[in-house]
Amino acid sequence: MKINIYVILLAIFGIFMSCEDVIDVEVTTATPRLVIEASLDWEKGTLGNEQLIKLSMSTPYFDVTSDSGVSGASVKVTNTNSGEEFLFEDQNDGTYTTSNFVPVLNDSYTLEVVYNNQTYLGSETLMPVTDITNVTQSVEGGFDDELLELNVYFNDPADEENYYFFRYYEEGDLFPLLADLSDEFFNGNEVHDFWEKQDDEDNNEEAFEPGDTVEVSLYGISERYYNYVRLLIEQYYSGGDPFSSNAAQLRGNCVNQTNPNNYPFGYFRVTEFVKASYTFE
Amino acid sequence: MKHLLCIAYFLFSFSVFAQEKFTIRGTITDASNGETLMGATAFLQGTDNGSVTNEYGFYSLTAIKGNYTLIISYMGYETQTKQISLDKDQTINFELSESATALDEVVITAEESEQINIKKPEMSVAKLNAATIKQMPAVLGEVDVVKSIQMLPGVTNNGEGSSGFNVRGGAADQNLVLLDEAIIYNTSHFFGFFSVFNSDAIKDIKLYKGDIPSKFGGRVSSVLDVRQKEGNRKNFNLTGGIGLISSRLTAESPIFKDKGSFLIAGRTSYAHLFLKAVEDFKDDKISFYDLNLKANYEINSNNKIYLSGYFGRDVFNLNKIIENGYGNVSGNLRWNHVFTDRLFSNLSMIYSKYDYQIVLDFIELDWIADIANYNLKYDLKYYLNDKLDLDFGVSGISYLLNPGEVSPTSSESPINYLKLDDKRAFEGAAYISAEHQISKKLTAQYGLRFSQFMRLGGQAMTTYVNDQPVIFNDELEIYERGEALDEIYYSKGETIKDYNGLEPRLGLSYELNSASSLKASFTKSTQYLHLLSNTASVTPLDVWTPSGQYIKPQRSTQYAVGYYRNFSEKGYALELETYYKTIKNRIDYIDGSDLIGNNNIETEILNGEARAYGMEVLLRKTKGKFTGWLAYTLSKSEQRTLGGKAGGPGINGGNWYNTPYDRTHDVSVTAAYQLNDKWSFSSNFVFQTGRPVTYPNGQYEYEGLSIASYSNRNRDRLPQYHRLDISAVYKPNKHPERRLKGEWVFGIYNVYNRRNAASISFGQSKVSGLNEATRLSIFGIIPSVTYNFKF
């Protein structure tokens, strides 16, 4: 569990006579930027040859109509240790795929995207991940003593700094739950993370019940990606509440070589991950 | 140098041309309860020789041998006159009675201390006494010192539910808040909904927004000087109140055969009692309490001892999942000593501490942080002659900061023990100031403060490659943590880094006529402690950090000019001030900074600068049945944070950006009306430009979520804030002969139920999947009732 004290403060805050409502707010719109979602994730024990990269353009904040997928770019990933190149094929819907990718733990990879005569480069190292040792359910744990929660256990390797990215998803949900963790407070220990849902009519959320199926993926990530995704997650879930830190422009690891000012959004990550599925009893 | 010559000249003239002179001194107190009166005037009729009592009610007057009429006055009290023949030094104490008329006809609510003193160079000062504060409508009927000063020009806060207050565009940590001289590090209960000051224990407050006297230092924006009552020296006395949120009880009594007195005041909230009654919340606890103590003992006419203390705490316990507590403790032992008729001294020994604790049961973590200081202070006042008073003194503060200690609460906890390095520091200062009447029209206040700060060892300091704790990544254009090179351990006796500050304080007053004057001031100030906070609201768990190798002291320079006018017939007073303030070394946080549990804060910050300027208008009506004021402020507060040693353009591209405390317009109106001796009414109205915030300017898809991209820092603003509050006080007073006197206070906060945004957050609806803006508003319309009594 990430020690997000601000979330707790907010909970305490909410006990007072506060109230929330959705309002119309005028926001400005910046010039669109290229978004590179290049997540080469290798599930432990698989070949990892099938990979997908998404390119899109950013849109106005409240825009719901734009088709933002970007076609016509050339996308290439190179293993800088071996020199091997992987070309990603344009599917003309904003996605670019390959089935020849070869993941090698701790090797470095470089991404090159050429779009509109501008070249974007990013590099990243494939980080290994430790296994999930156990997935359980309980009632007494978590925030609420009466609600079901999912528990995930894994052993953090000692003698090194480790960074993790979690993706939780319950079948039928609109969105996954993302979380990040560094071993700063837990180095070398058995780490326990939990996911508990509350009954919340406003958000159409219901507590877990027997029969619900959930999936958890645990990714080993680089420190730089941790810094990026930590901020992304914090901003996504707080979005300007009183205890959130100053909202800032997120800068990933891809650089526009042609025109640095026209930097892209998104990130080029290369990770190993493990996945577990669990059905509540 | 010129000033020194002036002083020397007067010293010289005094000794050469001295005729036979004698001194009268004494203490002026309130006849009903023996409380000393600060700001009362002792004046020799037919001369311009007068003295104003200091914070201990002491005055001293020196004049040529002769017969005089001595006039003692204090607004709202009956003036006393006394024929004296000044042929020897003498001590005369006075007891003033409240004006008899006050009880039935005209109630004069503003004391002299709240009126403008046209002659004195003192400016940018606001004084409020407990009576005025108690009269103002308050949320849930909780009378609040910190909320009341926000009705004054140039004072705002960051919205309901944020701690502290902001003065002239400054941050909350730039205010020196003193309770009986002890530093209070967090002024709020319930995360800022209420303040820690129990109005029943408070005598008066004084807020210096600029032109800070040289005896104060250590903060760059303002000084809030809160003084507790001394305790009734005449009778045993109980006051109290029962409100919706809290109840109060204060006992005062003379002790040691009227040689002294004490006061003990308690206040506690009882929301948790209601929570118990509700099944869902029966395990929850939310409460705060305060205890104020004061005692004094007069050894003889030259020696008096005061003891004061404060203890306050907030406790939250949510369903045994989260336990959270924080609070201030302070104590002060003072010794007033009169050396000669013209030399008054006070020695103070002060301790104060603020601590914060959070226990998270679900991950078995216990977190503690605190800051404590010992302060020894010696202040002297020398009444040199009828034209010149000298204040001087020294102080030393020793700080010990524990920025955080994390421990597991059980042996199975996955948490490892972690202790951030304790930090030690010493802040010493010496000051002198002189009020000097240069001519009949021109008065000057010269002040000089020299402060020295030593960051002491007892910890290791990290050094960085190229001495850069923060590095600009040219490629990605982001600031990143620097690479640690080594750790150097400093033993407790060693000084890691020292700084000093020479802080001149100059005030001038030019009397245009008997009712109006022009004033100007120049103030330099240095702040060695910084509150680390990268969130929009100041929270109780923000930690203080001392200056050191990487964090430099903040240094402010403020210029102010003002025009003051009393329309004494009708009781109106007008104050017009403009100011310009710059602050060097104001730190700001790099994008993505992480302050929690961080031992190396220097890797998260850049040193910036701030500037603020504005115009303030205050129109007061202080006499009659209808009293109150209108305050308007037009101002700007900005910050710029360049990359400096870290390289790169800095935060926000190196451009100036609004601080969160920037309010273009700020209007406050407070009015009180005394209908008859049973009913009185009052109301507040506030209008403010919205707080600067950062809104999204686009979105993109990542991990299946819509991620917001944000515009430049603090480029946008929350909607305007406005609110009207009203209250009515009913004093049944059916049996005026009885000792028990009660009053009912009925209030309505936010009468027209404006949903002022405390924040607006942006996110994706879990129902529709669309982006939406959600407003968080705290207090809607809230009625309240409070019963106050006095016995």
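The values are calculated or read from the model by the stated rules, or taken from the named source; none is laboratory data. What you see is a predicted model, and the numbers here were worked out from it, not measured in a lab. Here the Cβ is made from the backbone with ideal geometry for all residues, glycine too, and neighbour counts use every protein chain on show. The protein model used for the area step is the full one, side chains on, heavy atoms only, and it has no ligands, DNA or RNA in it. Shrake-Rupley method; radii C 1.70, N 1.55, O 1.52, S 1.80 Å.
Details
- Summing Lys and Arg as +1 and Asp and Glu as -1 over all other residues whose Cβ lies under 12 Å from the Cβ of A:Val70 gives a net charge of -3.
- Full-extension gain in nm, A:Ser74 to A:Asn100, via 0.36 nm per residue minus C-alpha separation: 7.7 nm
- Measuring heavy-atom accessible area with a 1.4 angstrom probe and counting protein chains only, the residues of the stretch A:21-44 that give up at least 30 Å² relative to the chain alone are A:Asp21, A:Val22, A:Ile23, A:Val25, A:Val27, A:Thr28, A:Ala30, A:Val35, A:Glu37.
- Chain A: C-alpha gyration tensor shape, a/c 1.5 cut-off, then a/b vs b/c: oblate
- Computed from backbone phi with θ = phi - 60° and the Karplus coefficients 6.51, -1.76 and 1.60, the 3J(HN,Hα) list for the stretch A:234-239 is 4, 5, 5, 8, 9, x Hz; x is used for glycine and proline.
- Calculated [θ] (222 nm, deg cm²/dmol) that DSSP helices of n ≥ 4 give over the protein assembly as shown, each run adding -39,500 (n - 2.57): -1500 deg cm²/dmol
- Three-way shape call for the protein assembly as shown based on the alpha-carbon gyration tensor, with the a/c threshold at 1.5: prolate
- Karplus (6.51, -1.76, 1.60) ³J(HN,Hα), θ = phi - 60°, over the stretch A:259-266, in Hz, Gly and Pro reported as x: 9, x, 5, 8, 6, x, 8, x
- For the cross-link pairs B:Lys82/B:Lys127; B:Lys209/B:Lys678; B:Lys203/B:Lys524; B:Lys215/B:Lys304, the ones whose C-alpha atoms lie over 25 Å apart are B:Lys82/B:Lys127; B:Lys209/B:Lys678; B:Lys203/B:Lys524.
- Degrees, to the nearest 10: A:5-15 long Cα axis against longest axis of chain A: 50
- Estimated buried accessible area (total), pair B and A, 1.4 Å, Å² to nearest 100: 8100
- Crossing angle, helix B:2-16 versus chain B [Cα axis fit, 0-90 degrees, rounded to tens]: 20
- Heavy-atom surface of chain B, accessible at 1.4 Å and reported per residue (Å²): 38
- Other residues whose C-beta falls under 11 angstrom from the C-beta of B:Asp370 contribute a net charge of -2, scoring Lys and Arg +1 and Asp and Glu -1.
- Positive-end residue, chain B charge dipole about Cα centroid, Cβ charges, pick of B:Tyr702, B:Val146, B:Phe626: B:Phe626
- The stretch B:511-581 - percent of accessible surface contributed by carbon and sulfur, probe 1.4 Å: 57
- Shown in residue order for the stretch A:103-111 are the 3J(HN,Hα) couplings computed by the Karplus curve 6.51 cos²θ - 1.76 cosθ + 1.60 at θ = phi - 60°: x, 10, 4, 6, 7, 9, 10, 10, 9 Hz (x for Gly and Pro).
- Accessible surface for chain A, divided over its residues, is 44 Å² per residue with a 1.4 Å probe.
- Taking the accessible area of chain A, probe 1.4 Å, and keeping the other protein chains in place, the carbon and sulfur fraction comes to 44%.
- Within the accessible area of the stretch B:126-180 (1.4 Å probe), percent carbon and sulfur: 56
- In the stretch B:650-698, burial by the other protein chains removes 50 Å² or more of 1.4 Å probe accessible surface, compared with the chain on its own, from B:Asn697.
- Qualifying aspartates and glutamates (Cα of each under 15 Å from Cα of A:Lys54; at least 8 residues distant if same chain): A:Glu37, A:Asp41, A:Asp67, A:Glu89, A:Asp90, A:Asp93, A:Glu112, B:Glu701, B:Glu703
- Positive-pole candidate from B:Thr53, B:Asn232, B:Tyr306, dipole of the protein assembly as shown, charges at beta carbon: B:Thr53
- Note on A:Asn204 and A:Ile23: with the Förster distance fixed at 22 Å, the Cβ-Cβ geometry gives a FRET efficiency of about 0.65.
- Peptide-level mean, for A:51-64, of C-beta atoms on other protein chains within 10 Å: 4
- Cβ-Cβ FRET estimate between B:Ile438 and B:Thr409, R0 fixed at 56 Å, reported to 0.05: 0.25
- Computed lengthening from B:His722 to B:Ser97, 0.36 nm per intervening residue step minus Cα-Cα distance: 220.9 nm
- Note on the stretch B:125-790: with charges restricted to the Cβ of Lys and Arg (+1) and Asp and Glu (-1), its dipole about the Cα centre is near 3640 debye.
- Cβ-placed point charges (K, R +1; D, E -1), dipole of the protein assembly as shown about Cα centre in debye, nearest 20: 8380
- Two-site label geometry, B:Lys419 and A:Asn117: point separation in nm, points 7 Å out along Cα→Cβ: 6.4
- Radius 12 Å from Cβ of B:Leu476, net charge of other residues (Lys, Arg +1; Asp, Glu -1): -3
- Listed peptides A:186-196, B:675-685 by packing density, highest first (mean Cβ within 10 Å): A:186-196, B:675-685
- Between the listed residues A:Ser217, A:Leu232, A:Asn151, the Cα displaced farthest toward the positive end of the dipole of the protein assembly as shown, a dipole computed from Cβ unit charges relative to the Cα centre, is found at A:Leu232.
- Prolate/oblate/rounded call for the stretch A:201-281, Cα gyration tensor, a/c under 1.5 rounded: oblate
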